[in-house]
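Worksheet: the structure to be examined is printed underneath.
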Amino acid sequence: MAFFTKEYFKFFSELEKNNNKVWFDANRSRYEEFLKKPFKSFVEHIIAELAKDDDTIYREASKCIFRINKDIRFSKDKSPYKLNCAAVFGKGGTKDTRPGYFLHLGHKEIFIGGGMYSPSKEEVEKIRQEIYYNSDTLKAIVSKKDFKQLYGEIKGEQNKVLPEDYKAFVKEQPYIANKQFYVVTSFSKEDVLADDFDKKLLKAFKVMAPLNAFLTQAISE
């Protein structure tokens, strides 16, 4: 079944031109009906589906959904509202930085992501050790046809200077130089409005799952 209608994207298109509290309050009923309610229903559905195969998935949808209000305290752009709805699926809610799945539905950008975007220094070191000792496992994950078709490769900034032990190894496995370990793939508005968007999303998450498992194993040790 389709969770979203064209009104979802129309609201964000209009909000972009009228990003202020007066307009938003006047159109709050539209936001509730066409964005907030269907997005929460969709997130609840995806959580339930993911939980069938992974009992560590956090179940409370409201804490997995990011607020539409922007934090403008330190931003030059004082427009108060984001132009997308977003959610995370993983072992915790929006404040959890462990490996998981990310969903971003805006009227200009529609994408999912996963892995680890902001690992700590200690986590980066643990991931590098996992790559060093289990390079073949990572190679098998990223070389799979469906992974390469959907995500291409693991993305992230890299260190130019590496510990002595890794300097030679980087030629064998360049990802050991990464400071970030994430993947991204995009969807179209037509995808989002289709009856099978949930199935496409879940399939893409399943392809991503081995990478999340690899990273989770690394930071857990």
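Coordinate-derived values only; no laboratory data. None of these values were measured; they are calculated from a predicted model. Cβ placement follows ideal geometry from the backbone for every residue including glycine, while neighbour counts extend to all protein chains displayed.
Side notes on the structure shown:
- Convex hull volume of the Cα atoms of the range 131-176, normalised per residue: 68 Å³.
- Peptide packing: for 207-217, 25-35, the average count of neighbouring Cβ atoms within 10 Å per residue gives the ranking 207-217, 25-35, highest mean first.
- Protection proxy ranking of 3-9, 166-172, by the mean of other Cβ atoms within 10 Å over each peptide's residues and highest first, is 3-9, 166-172.
- Centroid-to-centroid separation of the range 17-51 and the range 170-221 [C-alpha atoms, Å]: 25 Å
- Prolate/oblate/rounded call for the range 112-209, Cα gyration tensor, a/c under 1.5 rounded: prolate
- Taking the three principal axes of the alpha carbon atoms in the range 1-50, the coordinate ranges are 38, 17, 15 Å, sorted in descending order.
- Computed log₁₀ I(q)/I(0) - Debye formula, equal Cα scatterers, no solvent, the chain, q 0.09 Å⁻¹: -0.42
- Among 38, 163, 119, the largest mean-square fluctuation in a Gaussian network model of the chain (Cα springs under 10 Å) belongs to 163.
- Counting every alpha-carbon pair across the range 8-85, the share separated by more than 21 Å comes to 39%.
- Over the range 53-184: Rg over Rh, Cα atoms, Kirkwood Rh: 1.02
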